[in-house]
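Chemist: Structure in C-alpha cells, see below.
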Amino acid sequence: MAAVLDLPMSVVRPRARRVAGVPVALVGIALAYLTLFLFLPLFAVFFEALRKGWGVYAAAVADADAWAAIRLTLLAAAIAVPANLVFGVAAAWAIAKFDFPGKSVLITLIDLPFSVSPVVSGLIYVLVFGLQGWFGPALADHGVKVIFAVPGIVLATIFVTFPFIARELIPLMQAQGREEEEAAVLLGANAWHLLWRVTLPNVKWGLLYGVILCNARAMGEFGAVSVVSGHVRGLTNTLPLHIEILYNEYQFAGAFACASLLAILALVTLVLKTWVESRVARETVI
Amino acid sequence: MLRLIRAFTALVLAFAAASSQADVTLLNVSYDPTRELYQDFNKSFAKYWEGKAKETVVVKQSHGGSGKQARSVIDGLDADVVTLALAYDIDEIAERAKLLPADWQKRLPHNSSPYTSTIVFLVRKGNPKGIRDWDDLAKPGVSVITPNPKTSGGARWNYLAAWGSVLKKGGSEAQAKDLVARIYGNVAVLDSGARGSTTTFVERGIGDVLIAWENEAYLSVKELGPGKFEIVTPSLSILAEPPVALVDKVADRKGTRKVAQAYLEHWYTPEAQEIAARNFYRPIDPQVAARHEKEFPKVNLFTIDQVFGGWQRAQKTHFADGGTFDQIFQPGRK
C-alpha cells in the first residue's frame, strides 16, 4: 500500500519545485483576504464589545431582554434542528436509496429555501397566517397566534434551515450506493434495522456535520425571522434581532457584546466542523 | 433514546415556560425614534398604575418605521395601543383591519397627539455647507440623508415640510415639486426608518445634512457627542403630530381595555408632559411648555390640515403609487 502511494508523490515533487513562488503567493493572497474580511471584523466585534470594560459586557449579556432573546434563539434552534434532522434523514434516505416518481421534483423542492430570499420566506408565513391572510382569521378566532409569536419564528427558522441536513446526506448516501442495504435485506433485515444498523452508521459524521451547519444558521437567521417577529422586546426578539435593536438605540457596547456571543457560537461551530471533518477523513482512509 | 427525547422535551418546555410575572402586560407598537421616550413613560405609568389600581403592569415595546409597524398590526401583531408617527398609519389600521373605529382621532384631546414635534436639519460641526433653510438642501453638491417616505412616517413629515415651505412662502405647487425633486436628487441613502437614517448620518458619517425629527436631532446630539453636530432650524416647518390610539378589538380580546385607556390618558398629566419635554418632544400642556420654552426654538409652524387638507389627501397626492414622490424619485435616472 505504502509503495503504491509513494509513486505519484515522487512524480509531483520536481514540478512543484519549479513553481516554488506560486504557493507562497497563493497563501499570501488567501491570508490577506482572510485578515481583511474575517479576522479584522471578528477582532472588531470583540474589541467594541469590551471597549467599555467587562462590567458593561456582563451587564449587556445579563440584561433581561438579552436573556429572553438568547432563550428564544435556543428554543427556535432546539425545535428546528431536530425537526430538520428527522426530515433530512427521511428525505435523503428516500432519494438516495429508493426509486419513486417525482424524485427530481423533491430534490428541487428541498433546495427551495436556498434559492428564495429569506425575506420572502418570512412574507410567505405572513400571507398564510397573518390576520389578513388565508388561515389568520380562523386561527385568531380560536386564539392561536402563529406570526408575531414564537410559532412563527420557529416555522421561519425551520423553513430557512431545512435543506442543510438533507443536502449534506444525499450525495454521501448516493456515493455509498445500495449494496450494503441490498445485502442486509437479503439477510432478512426489516426497514427499521436497515436504517439503524446499516444506513445511519455509514453517514453518522456527515449527519453531524449537517446538524452543526443547520444549528449555526438557525441561531444566526435574521431576514425571515425579522419579518415574522413583530420585534417585541423580551417576547419575540431573537439574538440577531436584539443586536439590531441595541445598535439602533445607541447601545453600541451592548450590541457588540451580544454580537460576540454569536461570534463565539460561530467559532465553536468552526472547531466542531473541523473536528468532524478530520473524523470523516480518518474513517474514509480506514 | 426515549429517555433522551423526554429530557430534551422537558428542556424545551422549561425554556418556553419562563417569563410572565406582571399582573397585566400591554404591547405598545410604536415608531422609530420613540424608544427612549417610552422607556421613561412606561416607568412613570407603571408607578402611577401600581398606586391607583394596585396592579403591576409591564409595557412591552415594538419599534420600527411607522408604516411598517401599522402593517404588522394589520397582519395581526397584538398591539393594545399604537403610538405611531402620523394619523394616516392608524387610519390604515382602522380601514383595512377594522381593529378600531374610523373616528379614533376624536377620542383623546389635541387630535389624540399628546406631544408634537417638527422637522429640523442636523449638520456637521461648523455647518461646512452653510445650510440655513430648505432651499439650501437642493443646492448641487449637498448630500442629503432622509428615510423612505413609503415606509417611514418621519420621512413623510420631512417631505411635506419641504413642500409646504414653498407654498407658505407664496410659491406654486409646481415650484414646490421642483424644490422637493431637487432635494431628493441629492439624497445619498434612503433608509427604511428614521433611526436608520440617523445611524447612517451620525455613525457611518455619510451625508452633509440629515432631515430629522426635532427630537431625534436633539437626541443624537446628546447621545453621540455634543460638539460634533449642529441643529439648524429652518425658517418654516411643519407641526408634526404623532398620534396615539387604543386598538379596541385587541384590548377587548385580551381584557386590557381599562389599563390601555389609562395608559394613553396618562400622557395628558403634567408629569408625563414633563417626560415628553425631557425627551425633546414639544409638550402640549401650556404650563409645561412654558417651563421648557427656551429649549425649543420658535419656528413658524404650519399644520398638515392647513396646507395639505389632512393626511388622507396628502397621502393620496404624494405617497400613493404614482403620487408625486414616485414621479420625482427615480434612482439612477437623473
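The values are calculated or read from the model by the stated rules, or taken from the named source; none is laboratory data. Quick caveat, the model's predicted, so the values are computed rather than measured. A quick note on method: Cβ atoms are made from the backbone with ideal geometry, for glycine too, and the neighbour counts reach across all protein chains shown. Please note that ligands, DNA and RNA were not included when accessible areas were found on the heavy atoms of the full protein model with its side chains. Shrake-Rupley method; radii C 1.70, N 1.55, O 1.52, S 1.80 Å.
Chemist: Summing Lys, Arg as +1 and Asp, Glu as -1, what charge do residues with Cβ under 15 Å from the Cβ of B:Ser237 carry, B:Ser237 excluded? Let's see the in-between values first.
Modeler: Details: positive: B:Arg132, B:Arg156, B:Lys168, B:Lys169, B:Arg282, B:Lys298; negative: B:Asp133, B:Asp135, B:Asp136, B:Glu214, B:Glu216, B:Glu241.
Its environment carries a net charge of 0.
Chemist: Moving to a separate point now. Which residue fluctuates the most in chain B, going by a Gaussian network model with Cα springs under 10 Å, if the choices are B:Ala176, B:Ala22, B:Ala188?
Modeler: B:Ala22
Chemist: With viscosity set to 1.002 mPa s and temperature to 20 °C, compute the Stokes-Einstein D of the range A:86-236, Rh being the Kirkwood radius across alpha carbon pairs; µm²/s, no decimals. List each step's numbers first, then the result.
Modeler: Numbers: Rh = 17.3 Å.
Translational D for this selection: 124 µm²/s.
Chemist: Restricting things to alpha carbons, find the Rg to Rh ratio for the range A:126-209 using the Kirkwood radius for Rh. Write down the numbers at each step before the final one.
Modeler: Working: Rg = 20.3 Å, Rh = 16.1 Å.
Result for the range A:126-209 is an Rg/Rh of 1.26.
Chemist: Just to be sure I understand the rule: take each whole DSSP H helix in chain B, project its Cα atoms onto its long axis, keep it if the span is 20 Å or more and its mean Kyte-Doolittle hydropathy is at least 0.5. Which ones pass?
Modeler: Span-like helices, by this rule, are B:2-17.
Chemist: Projecting each Cα onto the charge dipole of the range A:22-104 (Lys/Arg +1, Asp/Glu -1 at the beta carbon, about the Cα centre), which of A:Tyr33, A:Ala66, A:Phe87 comes out farthest on the positive side?
Modeler: Of A:Tyr33, A:Ala66, A:Phe87, it is A:Phe87.
Chemist: Still on this structure: Can you bin the range A:216-275 into rounded, prolate or oblate? Criterion: square roots of the alpha carbon gyration tensor eigenvalues sorted a ≥ b ≥ c, rounded for a/c under 1.5, prolate for a/b above b/c, oblate for the rest. Intermediate values should be presented prior to the final figure.
Modeler: Numbers: a/c = 3.19, a/b = 1.50, b/c = 2.13.
It comes out oblate by the Cα gyration axes.
Chemist: For the pair B:Arg3/A:Leu42, report the inter-label distance in nm, with labels modelled 7 Å from Cα in the Cβ direction.
Modeler: A separation of 3.9 nm, rounded to one decimal place.
Chemist: Per residue of A:230-238, how many C-beta atoms from partner chains lie within 10 Å of its own C-beta, taken as a mean? Before the final figure, lay out each step's value.
Modeler: Values: counts 13, 9, 11, 5, 5, 8, 3, 1, 0.
Per-residue shielding by partner chains comes out at 6.
Chemist: Suppose every Lys and Arg Cβ carries +1 and every Asp and Glu Cβ carries -1, with no other charges. What dipole size does chain A come out with about its Cα centre, to the nearest 20 debye? Before the final figure, lay out the partial values.
Modeler: Numbers: 19 positive and 17 negative charges, 150 e Å.
Here the size comes out at about 720 debye.
Chemist: Oh, and also: When you have a sec, figure out the Kirkwood radius of chain B from all distinct Cα pair distances and drop it here in Å to one decimal? Write out the running numbers ahead of the final one.
Modeler: Numbers: mean 1/r = 0.0475 Å⁻¹.
Evaluated on chain B, it is 21.1 Å.
Chemist: Given a cut-off of under 8 Å on Cα pairs at least six residues apart, what relative contact order in percent is computed for chain B? Let's see the in-between values first.
Modeler: Values: 564 pairs, mean separation 75.5, N = 334.
Result for chain B is 23 percent.
Chemist: Ranked by accessible surface with a 1.4 Å probe, highest first, in what order do B:Asp80, B:Asp208 come?
Modeler: On the way: B:Asp80 0, B:Asp208 35 Å².
These residues rank, largest area first, as B:Asp208, B:Asp80.
Chemist: Once you compute Rg and the Kirkwood Rh from C-alpha atoms, what is the Rg to Rh ratio for the protein assembly as shown? Before the final figure, lay out each step's value.
Modeler: On the way: Rg = 29.1 Å, Rh = 27.8 Å.
The Rg/Rh ratio comes out at 1.05.
Chemist: For every other residue with a beta carbon closer than 11 angstrom to the beta carbon of A:Asn237, add +1 if it is Lys or Arg and -1 if Asp or Glu, then tell me the sum. It would help to have the intermediate numbers written out before the result.
Modeler: Working: positive: A:Arg71, A:Arg233, B:Lys60; negative: A:Asp65, A:Glu244.
That sum, taken over residues with Cβ under 11 Å, equals +1.
Chemist: Dipole of the range B:195-334, Cα-centred, from +1 at each Lys and Arg C-beta and -1 at each Asp and Glu C-beta, to the nearest 20 debye? Don't jump to the answer; show the numbers that get you there.
Modeler: On the way: 18 positive and 18 negative charges, 68 e Å.
With Lys and Arg at +1 and Asp and Glu at -1, about 320 debye.
Chemist: Working with all protein chains in place, sort B:Arg253, A:Arg167 by solvent-accessible area computed with a 1.4 Å probe, largest first. Could the numbers behind the result be given before it?
Modeler: Working: B:Arg253 140, A:Arg167 80 Å².
Accessible-area ranking of B:Arg253, A:Arg167, largest first: B:Arg253, A:Arg167.
Chemist: So for chain A, averaging the separation of alpha carbon pairs under 8 Å that are six or more residues apart and normalising by length, what relative contact order in percent results? Mind showing how you got there, number by number?
Modeler: Details: 303 pairs, mean separation 84.3, N = 286.
After rounding, I find 29 percent.
Chemist: Which of B:Asn111, B:Asn158, B:Asn148 moves the most in a Gaussian network model of chain B with Cα springs under 10 Å?
Modeler: Evaluated over chain B, the most mobile residue of the options is B:Asn111.
Chemist: So, one more: Reported to two decimal places, what Rg/Rh ratio describes the range B:100-154 when computed on Cα atoms with Rh from the Kirkwood expression? If you can, show how the numbers build up before the last one.
Modeler: Working: Rg = 17.3 Å, Rh = 14.8 Å.
Over the Cα atoms of the range B:100-154, Rg/Rh equals 1.17.
Chemist: Here's another thing I want to ask about it. When the Cα centres of the range A:81-158 and the range B:269-334 are compared, how far apart do they sit, in Å?
Modeler: The two parts, judged by their Cα centres, are 42 Å apart.
Chemist: Moving on. Springs between alpha-carbon pairs under 10 angstrom, Gaussian network model over chain A: which of A:Ile165, A:Ile107, A:Ile153 fluctuates most?
Modeler: Most flexible of the set in this elastic network: A:Ile107.
Chemist: Okay, moving on. Under 1.5 on a/c is rounded, so check that first for chain A, then, if it is not, pick prolate when a/b is larger than b/c and oblate when it is not; a ≥ b ≥ c are the square roots of the alpha carbon gyration tensor eigenvalues. Write out the running numbers ahead of the final one.
Modeler: On the way: a/c = 2.39, a/b = 1.20, b/c = 1.99.
Verdict is oblate for chain A.
Chemist: Longest exposed-loop-site-free stretch of chain B, with GluC sites (Glu not before Pro), DSSP loop and at most 14 other Cβ within 10 Å? Before the final figure, lay out the partial values.
Modeler: On the way: sites that count: B:Glu55, B:Glu203.
Answer - B:56-202.
Chemist: Also: Hey, if we sort B:Asp32, A:Asp111, B:Asp135 by accessible area with the 1.4 Å probe, largest down, what's the order? It would help to have the intermediate numbers written out before the result.
Modeler: On the way: B:Asp32 15, A:Asp111 50, B:Asp135 90 Å².
From most exposed to least exposed: B:Asp135, A:Asp111, B:Asp32.
Chemist: A follow-up question, please. What does the charge dipole of the protein assembly as shown about its Cα centre add up to, to the nearest 20 debye, if the Cβ of each Lys and Arg holds +1 and the Cβ of each Asp and Glu holds -1?
Modeler: Details: 62 positive and 55 negative charges, 209 e Å.
Here the protein assembly as shown has a charge dipole of around 1000 debye.
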